[in-house]
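Structure record follows, encoded as structure tokens.
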Amino acid sequence: MEFRILNQFNCSLYITGLTLFEIATGKFPYPSNDLFKQIKSVYEDDPPKLPEGRYSKQFHYLIAKCLEKKHQERPNYVQLLEFEFLKTYQHSDISEFAKYVLDSELINESESPVIV
């Protein structure tokens, strides 16, 4: 039982990282047309990385820690809440950003907003 809970928690953090990555870039980081290629990429390839120069170091760090290959190296939720990025923006209104993302069918990389 304990392993299953731990495994679900670590998968949840990984999925959080993938979701933040996709929201920020407008693209899913793995091949999206073939489930088996996705699974193979997750297990065999390096974790996806955000493009350099578009996002803050704090956001890069958050994504990198959520997408750690070894689940033991991912933070827990208490540790995650202490990340500088989350502490800096915990009271920010992201409604305009969310509206932009939801209104866009496909975000062109040159048009996507930069997360500070």
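Listing for the model above:
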read-out	value
Which numbered condition Gln38 fails, given (1) in a helix (DSSP H, G or I); (2) touching a residue at least 12 places away in the same chain (Cβ under 8 Å)	(2)
Qualifying residues in the range 12-30 (those that are farther than 13 Å from Pro47 by Cα and over 9 Å from the mean Cα position of the chain (by Cα)) - the one surrounded by the most Cβ atoms within 10 Å (Cβ to Cβ)	Thr25
Filtered residues of the range 70-104 (kept if within 17 Å of Glu22 (Cα to Cα), part of a loop (DSSP other than H, G, I, E, B) and either among the β-branched types (Val, Ile, Thr) or modelled with pLDDT of 85 or more (or both))	Ile94
Members of the range 31-51 found to be within 15 Å of the chain's Cα centre (by Cα), within 30 Å of Glu96 (Cα to Cα) and loosely packed, with under 13 Cβ neighbours inside 10 Å, listed by number	Lys49, Pro51
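The values are calculated or read from the model by the stated rules, or taken from the named source; none is laboratory data. Note that the structure is a prediction, hence the values are computed from the model and not measured. Glycine also receives a Cβ, built like all others from the backbone with ideal geometry; neighbour counts cover every protein chain displayed.
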